[in-house]
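The values are calculated or read from the model by the stated rules, or taken from the named source; none is laboratory data. Small disclaimer: the values here were computed from a predicted structure and weren't measured. Heads up, the Cβs are rebuilt from the backbone with ideal geometry, glycines too, and the neighbour counts pull from every protein chain shown.
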Amino acid sequence: MKALNIGRILIENRHRRGITQEDLAQYIGVSKASVSKWETATTYPDITLLPQLATFFHISIDELMGYEPQMTKEDIRKLYWQLSQDFSGKPFEEVMEQCHEIARKYFSCTPLLFQLGCLYVNHCMLADTPEKASAIIDEARELFLRVREESDEVELKTQAVNMEAFCLLRLGKANEVIDLLNQSVQLRMAPEPLLSSAFLMAGDAQEARRVLQAGIYQTVIELLNMLLPYLSLCEADSSAFEKTYERILTIADTFQLKTLHPTVLMTLYLTIAQEFMKHGSQEQALDMLDLYTTLALSDIYPLKLQGDSYFDLLEGWLEEMLPLGSDLPRAESSVRKSIRDAVTDNPVFAPLSEHIRFKNMVQRLNLQLT
């Protein structure tokens, strides 16, 4: 994060111009000692001198002060991970106050505000009461709303709308979600085929392949994210339910999510297991939980987004295009706890508490993910 760096800026520009502190002092009309104090950050120049200093060096006042209301992508990524680590090891309220200070200082940096909102969403469960967790979700919603209203980046605005809707849904405001999103559900045309064709026409076959790989990867994840809630809507239609979960598992197997994206595969197993419980199919639920547990305890750590032998051009794209790179949005200790608690503390699976298969799974998860 950047603070005021007038001293450093003065030194750099004075050296670039090849002048001494005394030369600068004479031009501004102050003592050489004053310039020395400015450059060592002992004092700052009087505000009335800033235009004269900026004009002398042919830079803006913002440049002179070294103040950057926008953080770089790399700065945002580093800050996010530091705060994520803090959430896993420091008092929750202390970290939240730190987040509030950062938001106040960089309230014009919409990419940062978006990531702070995501940070709140991903860590609100650490609040000590449900009411405080809901209040944090509402804070995140306000950040996403500001991003939507203030950002000039189309993609960031779109992401902010979706995250705002997610927060509203968590807060039980269904009608507001409908009002926010209903107009955006329309026929979509993916840009990747056109962009890939353009790269191919320009003679860059490698980039043409990479663009399509990225599009396919995102589409597969988006498709699964739509199929899972659709599965729960098929509860009253056993035939549609069976066809849907079979197709989900077929897609997961076809695209080898076990190595490509194990966290998504675990979510699939867990969601299908929960739906089987609603249908009263305990043995099938246990089968899904067995797959979940086996994957959760396999050699998948440290968890990160990655390509595979098919998506062999994704590594650079993930680092370049995703705000947080290939890492997951929470510290691994928090992720491992969530993976465990999703089974051991899930009330949906309470009827299985005395079943020997379930007991064995809980024991293994508690032992290896604690």
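Odds and ends about this structure:
- Being loosely packed, with under 14 Cβ neighbours inside 10 Å and either on the phi < 0 side of the Ramachandran plot or among the aromatic types (Phe, Trp, Tyr) (or both) is a property that residue 117 lacks.
- Exactly one residue among 64, 79 is in contact with a Phe, Trp or Tyr (Cβ under 9 Å, 6 or more places away or on another chain) and in contact (Cβ under 8 Å) with a residue 40 or more places away in the chain, and that residue is 64.
Yes/no matrix, rows are residues, columns are (1) touching a Pro at 6+ places or on another chain (Cβ under 8 Å); (2) on the phi < 0 side of the Ramachandran plot; (3) of a type in the set (A, V, I, L, M, F, W, C); (4) in a loop (DSSP other than H, G, I, E, B):
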residue	(1), (2), (3), (4)
164	no, yes, no, no
168	no, yes, yes, no
172	no, no, no, yes
178	no, yes, yes, no
183	no, yes, no, no
188	no, yes, no, yes
195	no, yes, yes, no
199	no, yes, yes, no
203	no, no, no, yes
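- Of 303, 260, all but one fail to be within 23 Å of residue 334 (Cα to Cα), surrounded by 20 or more Cβ atoms within 10 Å (Cβ to Cβ) and modelled with pLDDT under 95; the exception is 260.
- Taken as a whole, the condition of being exposed (fewer than 14 other Cβ atoms within 10 Å of the Cβ), free of Cβ contacts under 8 Å to residues at least 60 places away in the same chain and either assigned by TED's automatic domain parsing to the domain that holds residue 323 or under 26 Å from residue 123 (Cα atoms) (or both) applies to residue 178.
- Subset of the range 149-161 (residues that are more than 16 Å from the chain's Cα centre (by Cα), part of a helix (DSSP H, G or I) and crowded, with 17+ Cβ neighbours inside 10 Å): none
- Restricting the range 276-300 to residues that are of a type in the set (D, E, K, R) and at pLDDT below 95, the residue that is nearest to residue 256 (Cα to Cα) is 299.
- Test: residue 104 is farther than 30 Å from residue 166 by Cα and either basic (Lys, Arg) or in contact with a strand residue (DSSP E or B) (Cβ under 7 Å, 6 or more places away or on another chain) (or both): no
- Qualifying residues in the range 250-287 (those that are among the small types (Gly, Ala, Ser) and part of a helix (DSSP H, G or I)) - the one farthest from residue 220 (Cα to Cα): 285
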